[in-house]
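Below is one structure, written out as C-alpha coordinates, with a few remarks after it.
The values are calculated or read from the model by the stated rules, or taken from the named source; none is laboratory data. Since this is a predicted model, take the numbers as computed values, not measurements. Here the Cβ positions follow ideal geometry from the backbone for every residue, glycine too, while neighbour counts run over all protein chains shown. Remember, those area values only see protein heavy atoms, side chains included, never the ligands or the DNA or RNA. Shrake-Rupley method; radii C 1.70, N 1.55, O 1.52, S 1.80 Å.
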Amino acid sequence: MKKWLYAAGLGLVMASSASVQAADKIAIVNVASIFQQMPAREAVAKQLENEFKSRASDLQSQERDLQTKMQRLQRDGSTMKASDRSKLEKDVMAQREAFSAKAQQFEQDNRRRQGEERNKILSRIQDAVKSVASKEGYDVVIDANAIAYASNDKDITADVLKQVK
(Lines give C-alpha, C1' and ligand atoms only; values in the text may rest on other atoms or scores of the structure.)
Protein backbone atom coordinates (compact mmCIF):
# COMPACT_ATOMS: atom_id res chain seq x y z
CA MET A 1 0.00 0.00 0.00
CA LYS A 2 2.86 2.36 0.86
CA LYS A 3 4.49 1.75 -2.49
CA TRP A 4 1.22 2.45 -4.24
CA LEU A 5 0.76 5.78 -2.40
CA TYR A 6 4.37 6.70 -3.12
CA ALA A 7 3.89 5.94 -6.84
CA ALA A 8 0.63 7.91 -6.95
CA GLY A 9 2.27 10.88 -5.22
CA LEU A 10 5.21 10.77 -7.59
CA GLY A 11 2.83 10.67 -10.56
CA LEU A 12 0.89 13.64 -9.20
CA VAL A 13 4.10 15.65 -8.73
CA MET A 14 5.25 14.81 -12.26
CA ALA A 15 1.87 15.74 -13.75
CA SER A 16 1.76 19.08 -11.95
CA SER A 17 5.36 19.75 -12.93
CA ALA A 18 4.53 19.13 -16.59
CA SER A 19 1.56 21.48 -16.45
CA VAL A 20 3.69 24.19 -14.87
CA GLN A 21 6.30 23.78 -17.59
CA ALA A 22 3.62 23.97 -20.27
CA ALA A 23 2.46 27.27 -18.80
CA ASP A 24 5.84 28.89 -19.52
CA LYS A 25 5.74 31.32 -22.41
CA ILE A 26 8.45 30.40 -24.89
CA ALA A 27 9.61 32.51 -27.83
CA ILE A 28 12.24 32.11 -30.50
CA VAL A 29 14.70 34.60 -31.96
CA ASN A 30 17.11 34.30 -34.88
CA VAL A 31 20.25 35.94 -33.52
CA ALA A 32 22.31 35.25 -36.67
CA SER A 33 19.74 37.01 -38.85
CA ILE A 34 19.70 40.04 -36.54
CA PHE A 35 23.49 40.13 -36.52
CA GLN A 36 23.62 40.11 -40.34
CA GLN A 37 21.02 42.87 -40.67
CA MET A 38 22.51 45.26 -38.15
CA PRO A 39 23.88 48.45 -39.69
CA ALA A 40 26.44 48.67 -36.87
CA ARG A 41 28.12 45.54 -38.23
CA GLU A 42 29.11 47.29 -41.47
CA ALA A 43 30.32 50.37 -39.59
CA VAL A 44 32.47 48.19 -37.32
CA ALA A 45 33.93 46.37 -40.35
CA LYS A 46 34.95 49.70 -41.91
CA GLN A 47 36.38 50.90 -38.61
CA LEU A 48 38.49 47.75 -38.25
CA GLU A 49 39.64 48.01 -41.86
CA ASN A 50 40.83 51.58 -41.24
CA GLU A 51 42.43 50.54 -37.97
CA PHE A 52 44.53 47.84 -39.62
CA LYS A 53 45.06 49.50 -43.02
CA SER A 54 48.55 50.88 -42.32
CA ARG A 55 49.83 47.60 -40.89
CA ALA A 56 48.39 45.67 -43.85
CA SER A 57 50.01 47.96 -46.41
CA ASP A 58 53.31 47.74 -44.52
CA LEU A 59 53.10 43.93 -44.64
CA GLN A 60 52.29 44.01 -48.35
CA SER A 61 55.31 46.19 -49.15
CA GLN A 62 57.53 43.98 -47.00
CA GLU A 63 56.21 40.92 -48.87
CA ARG A 64 56.88 42.53 -52.27
CA ASP A 65 60.44 43.37 -51.21
CA LEU A 66 60.98 39.81 -50.01
CA GLN A 67 59.64 38.36 -53.26
CA THR A 68 61.91 40.64 -55.29
CA LYS A 69 64.95 39.45 -53.35
CA MET A 70 63.91 35.81 -53.72
CA GLN A 71 63.46 36.23 -57.49
CA ARG A 72 66.86 37.92 -57.74
CA LEU A 73 68.41 35.04 -55.81
CA GLN A 74 66.81 32.46 -58.11
CA ARG A 75 67.64 34.38 -61.27
CA ASP A 76 71.18 35.53 -60.45
CA GLY A 77 72.19 33.03 -57.76
CA SER A 78 74.16 30.79 -60.09
CA THR A 79 76.24 33.69 -61.48
CA MET A 80 76.86 35.51 -58.18
CA LYS A 81 79.98 35.19 -56.12
CA ALA A 82 79.60 32.66 -53.34
CA SER A 83 79.99 35.32 -50.64
CA ASP A 84 77.37 37.60 -52.26
CA ARG A 85 74.95 34.70 -52.72
CA SER A 86 75.45 33.58 -49.11
CA LYS A 87 74.87 37.12 -47.87
CA LEU A 88 71.69 37.44 -49.96
CA GLU A 89 70.42 34.03 -48.77
CA LYS A 90 70.94 35.03 -45.14
CA ASP A 91 69.21 38.35 -45.77
CA VAL A 92 66.24 36.59 -47.42
CA MET A 93 65.94 34.08 -44.57
CA ALA A 94 66.08 36.80 -41.91
CA GLN A 95 63.54 38.92 -43.77
CA ARG A 96 61.27 35.91 -44.29
CA GLU A 97 61.30 35.13 -40.56
CA ALA A 98 60.63 38.76 -39.64
CA PHE A 99 57.79 38.92 -42.16
CA SER A 100 56.28 35.68 -40.89
CA ALA A 101 56.35 36.85 -37.26
CA LYS A 102 54.89 40.23 -38.19
CA ALA A 103 52.13 38.65 -40.31
CA GLN A 104 51.23 36.22 -37.54
CA GLN A 105 51.00 39.05 -34.99
CA PHE A 106 48.86 41.04 -37.42
CA GLU A 107 46.44 38.12 -37.84
CA GLN A 108 46.19 37.59 -34.08
CA ASP A 109 45.52 41.28 -33.42
CA ASN A 110 42.97 41.44 -36.21
CA ARG A 111 41.11 38.33 -34.95
CA ARG A 112 41.16 39.65 -31.38
CA ARG A 113 39.70 43.02 -32.37
CA GLN A 114 37.05 41.41 -34.58
CA GLY A 115 36.08 39.20 -31.65
CA GLU A 116 35.84 42.17 -29.32
CA GLU A 117 33.61 44.10 -31.70
CA ARG A 118 31.46 41.04 -32.48
CA ASN A 119 30.96 40.47 -28.73
CA LYS A 120 29.85 44.11 -28.30
CA ILE A 121 27.23 43.69 -31.02
CA LEU A 122 26.06 40.36 -29.61
CA SER A 123 25.77 41.95 -26.18
CA ARG A 124 23.50 44.64 -27.63
CA ILE A 125 21.39 41.93 -29.26
CA GLN A 126 21.22 39.99 -25.98
CA ASP A 127 20.08 43.10 -24.11
CA ALA A 128 17.39 43.74 -26.73
CA VAL A 129 16.21 40.11 -26.50
CA LYS A 130 15.90 40.43 -22.72
CA SER A 131 14.01 43.70 -23.05
CA VAL A 132 11.54 42.39 -25.64
CA ALA A 133 11.05 39.13 -23.74
CA SER A 134 10.32 40.88 -20.45
CA LYS A 135 8.03 43.43 -22.13
CA GLU A 136 6.00 40.70 -23.85
CA GLY A 137 6.04 38.35 -20.85
CA TYR A 138 8.13 35.50 -22.25
CA ASP A 139 9.80 33.21 -19.72
CA VAL A 140 12.17 31.49 -22.15
CA VAL A 141 13.70 32.67 -25.44
CA ILE A 142 15.50 30.12 -27.62
CA ASP A 143 17.72 30.78 -30.63
CA ALA A 144 15.93 29.70 -33.81
CA ASN A 145 19.01 27.79 -34.97
CA ALA A 146 18.82 25.55 -31.91
CA ILE A 147 15.33 24.20 -32.49
CA ALA A 148 13.74 22.00 -35.13
CA TYR A 149 10.36 23.73 -35.35
CA ALA A 150 8.39 26.58 -33.84
CA SER A 151 5.36 28.50 -35.04
CA ASN A 152 5.97 31.97 -36.43
CA ASP A 153 3.68 33.60 -33.87
CA LYS A 154 6.33 32.87 -31.22
CA ASP A 155 9.14 34.53 -33.28
CA ILE A 156 10.33 37.84 -31.75
CA THR A 157 13.19 38.40 -34.22
CA ALA A 158 11.54 41.40 -35.90
CA ASP A 159 10.84 43.10 -32.56
CA VAL A 160 14.42 42.59 -31.40
CA LEU A 161 15.77 43.89 -34.73
CA LYS A 162 13.67 47.06 -34.40
CA GLN A 163 15.06 47.63 -30.93
CA VAL A 164 18.76 47.25 -31.86
CA LYS A 165 18.56 49.47 -34.97
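Suppose a student asked you for the relative contact order of the chain, using Cα pairs under 8 Å spaced at least 6 residues apart; what percent would you report? Walk me through the numbers before you get to the answer.
On the way: 96 pairs, mean separation 83.6, N = 165.
The normalised contact order for the chain reaches 51 percent.
Using the Cα centre as the reference, give the magnitude of the dipole from point charges on the C-beta atoms of the range 76-124 (Lys, Arg: +1; Asp, Glu: -1; all else neutral), rounded to the nearest 20 debye. List each step's numbers first, then the result.
Details: 12 positive and 9 negative charges, 60 e Å.
Approximately 280 debye in magnitude.
Within the chain, what whole-number % of the accessible surface is contributed by carbon and sulfur, with the 1.4 Å probe and all protein chains included in the calculation?
Values: 6260 of 11790 Å².
The nonpolar share, carbon plus sulfur, comes to 53 percent.
At a Cα cut-off below 30 Å, give the lysines reachable from residue 69, other chains included and same-chain residues fewer than 8 away excluded.
By straight Cα distance, residue 69 reaches 53, 81, 87, 90, 102.
In what sequence, highest mean first, do 124-130, 95-101 appear when ranked by Cβ atoms within 10 angstrom?
Details: 124-130: 17.3, 95-101: 12.6.
So the peptides 124-130, 95-101, ranked by packing, come out 124-130, 95-101.
For the chain, place one equal point scatterer on every Cα, skip the solvent, and apply the Debye formula. What is log10 of I(q)/I(0) at q = 0.09 Å⁻¹?
-0.61
Please give the charge dipole size of the range 64-165, origin at the Cα centre, charges +1 on K and R Cβ atoms and -1 on D and E Cβ atoms. Round to the nearest 20 debye. Write down the numbers at each step before the final one.
On the way: 21 positive and 17 negative charges, 156 e Å.
Approximately 760 debye in magnitude.
Distance between the C-alpha centers of the range 94-165 and the range 40-77? Whole Å please.
Centre-to-centre (Cα) distance: 29 Å.
Under 5 Å between amide H atoms, partner at least 5 residues away or on a different chain: which partners does residue 28 have, H built in plane at 1.01 Å?
Placed amide hydrogens put 142, 155, 156 under 5 Å from residue 28.
Using a 10 Å cut-off on Cβ atoms, rank the peptides 76-82, 159-165, 57-63 from the highest mean neighbour count down. Write down the numbers at each step before the final one.
On the way: 76-82: 10.3, 159-165: 17.1, 57-63: 12.7.
Result, highest mean first: 159-165, 57-63, 76-82.
Among 133, 50, 160, flag the residue with its Cα farthest along the positive direction of the charge dipole of the chain, charges on Cβ as +1 for Lys/Arg and -1 for Asp/Glu.
Farthest along the dipole direction, towards plus: 50.
For the range 67-79, take each phi angle, set θ = phi - 60°, evaluate the Karplus expression 6.51 cos²θ - 1.76 cosθ + 1.60, and give the result in whole Hz per residue in order, putting x for glycine and proline.
Each residue's phi maps through the Karplus curve to give 5, 4, 5, 5, 5, 5, 5, 5, 6, 9, x, 6, 9 Hz.
Can you tell me which of 38-49, 132-143 comes out highest on packing, and rank the rest after it, using the mean Cβ neighbours within 10 Å? Don't skip to the answer; put the middle values down first.
On the way: 38-49: 12.8, 132-143: 14.5.
Per-residue Cβ counts within 10 Å, averaged per peptide and sorted highest first, yield 132-143, 38-49.
Read phi for every residue in the range 31-42 and hand back ³J(HN,Hα) as whole Hz from Karplus 6.51 cos²θ - 1.76 cosθ + 1.60, θ = phi - 60°, with x for Gly and Pro.
Result, rounded to whole Hz: 5, 4, 5, 4, 4, 5, 8, 6, x, 5, 5, 5.
Going Cα to Cα from residue 25, which lysines come in below 16 Å? Please leave out same-chain ones fewer than 8 positions away.
Correct list for residue 25: 130, 135, 154.
Using the Karplus equation 6.51 cos²θ - 1.76 cosθ + 1.60 (θ = phi - 60°), what ³J(HN,Hα) coupling, rounded to whole Hz, does each residue of the range 88-103 give in order, writing x for Gly and Pro?
These are the phi-based 3J(HN,Hα) values: 5, 4, 5, 5, 5, 4, 5, 5, 5, 5, 5, 5, 4, 5, 5, 5 Hz.
Solvent-accessible area per residue for the chain at a 1.4 Å probe radius, Å²?
Values: 11790 Å² over 165 residues.
Computed with neighbouring chains in place, this is 71 Å² per residue.
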